[in-house]
Structures are given as C-alpha cells and as structure tokens.
1. Which pairs do you get when a residue that is on the phi < 0 side of the Ramachandran plot, found in the range 206-233, comes within reach of a residue that is in a helix (DSSP H, G or I) and buried (at least 23 other Cβ atoms within 10 Å of the Cβ), reach meaning Cβ atoms under 6 angstrom, with the pair 6+ apart or on two chains?
2. Residue 238 versus (1) crowded, with 22+ Cβ neighbours inside 10 Å; (2) in contact with a helix residue (DSSP H, G or I) (Cβ under 8 Å, 6 or more places away or on another chain): which is the lone unmet condition?
3. Would you please name the residue that is farthest from residue 207 (Cα to Cα), looking only at residues in the range 142-162 that are modelled with pLDDT of 90 or more and surrounded by fewer than 17 Cβ atoms within 10 Å (Cβ to Cβ)?
4. Residue 230 - would you say it is within 21 Å of residue 292 (Cβ to Cβ) and buried (at least 20 other Cβ atoms within 10 Å of the Cβ)?
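The values are calculated or read from the model by the stated rules, or taken from the named source; none is laboratory data. Owing to the predicted nature of the structure, the values given are computational and were not obtained by experimental measurement. Ideal geometry is used to build each Cβ from the backbone, glycine not excepted, and the neighbour counts take in all protein chains shown.
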C-alpha cells in the first residue's frame, strides 16, 4: 500500500469534479489537452499546488510570486494577470461548490507546438492553463505514523543547468530518486546536492532538529517551498533557533527529530532515514510545536 506525504483520504466526490482548461469547464472524464502541448512534449511549463481552507486560497500571494518568477525565468509570458488567474480558480471552485478541504493544482505550459520539438518558436498558440481542484485531505495516518526516507544517488541539480528552485513540469530526476527509495523499502527519497550536503526530498523540503535547533539546507539546491518558508518564519517569530546551512548525512543520522514540509501534507514527521531510527516519538517535541504554529498561520491567512 502507498504511504507517503501525498496520501489522501478517498473522496467519491472527486470522480465527478469539474476541471478548467483555458477557462472552459469540463467534467473530469472529458478534460483533455492536445498531445502537441509543450508540457506533454518536453515538460515546458510551471505549476503551483495550494490549499483552499475555509473559503480562502491560503498563501495565494506567495504562490503567485513563485509562479510568475518561474515563468519569467523560463522566458514564458503567462498572458494573464494574477487577478485573472485567481478569477479562473474561483470559477472552478464555484462550479464544484467547494469551500474547504480542497487542493488546487494550477498548471501552465508554453502552449501547442506545430510539431514535436523543444524549440519555443514552434509554439503556435498562447499558454495553456489547466486547473484541477479536488476534495483532498491528507491521510492522518501518515502524520501519526511518520514516514521513512532513503538517500538517493540521484542528486539535486546545479543552478547552472536546471535550477532546483524552479517549480517546472520537468520532474524526472525526482521520480528517479523516489523509485530508488521505494525499491529500498522507504516511503520517499532524501536527496543530496552536488556537493554532497543534504538538500531536500523528492517532493518535499527536509528539516532536522538537534539540541533544540532546527536545521534546513541553504536553499540553493532545493525547491523554494512555501511551507518551508513559513516554518522558517514561525521559528523566527517564536524564538526557535533555525539555521539554513550546509550539513551532511553524518549530522542527519545523529538528529533528535526530522520532518518534511509541503503545501498538501504540512509538516510530516520522519522516523527513519536509511534504516536508522531518528525518533520513536511521533511527532517529536519541536516538530509538534511547529505543526501547531504552522496550522495557526494557515488559520490566520484564511481570515485575511
């Protein structure tokens, strides 16, 4: 059975959700896009995943900052304003009568190609935007049980060939890392940077706790996660020592606690890494405190 940070409770309503493609609403089974789409052909696009909590799109501005920065970095004009994108998302949510416990995925590709090619000059349409909103709550078993990690031999790339901070459609190296972890009997993969320091996980950001201090990577070789940033902010606001620094597996194996972060699962405790027991307490003291603080930030953001 699959166990990991993206485990969700089954919800039969998702069988009939409505999906937006370039502003037009389609039933799930009829939502299709061309095989000549740039995202399908060469992974050319950017995306965001965010939560709808009590009618509010949590941390919307942070997600839009990352989306537009990513599009600009790959030389893609989204062709829409933030307000227009939000309006499209709200239309999907209204069509599905959704107001809470929802995960929204926004995917924007460069558009339709004249012929299979990576050349952006052969794009013959404007960008394509797909919005998928699902009734999706994290399975509490994952949070209560924690997850195990395996350190993959697949490294996070250098910023000079594919900046790890770019939230793009090209995720094959993360998939390869995850496959290694699964084959090793773990739930997800821990990934090192090009210098051998701990960077991130295949789909989440990694934190460890040692002697009351919270450590995470420098951020140079990992996704600039919104939840990661909120955890660092929570530490700063509550006088919890938090360091963005280089550290190795030597440090990780001696950690008192570890956890991973992501917009869907929030903070998920890590119990074992490479077969070594990190913590038998789930969550650990600091991890539990940060879970509570992060949930408070979500509640505050949903009231704005």
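1. 231/290
2. Of the numbered conditions (1) crowded, with 22+ Cβ neighbours inside 10 Å; (2) in contact with a helix residue (DSSP H, G or I) (Cβ under 8 Å, 6 or more places away or on another chain), the odd one out for residue 238 is (1).
3. Selected residue: 153.
4. Yes.
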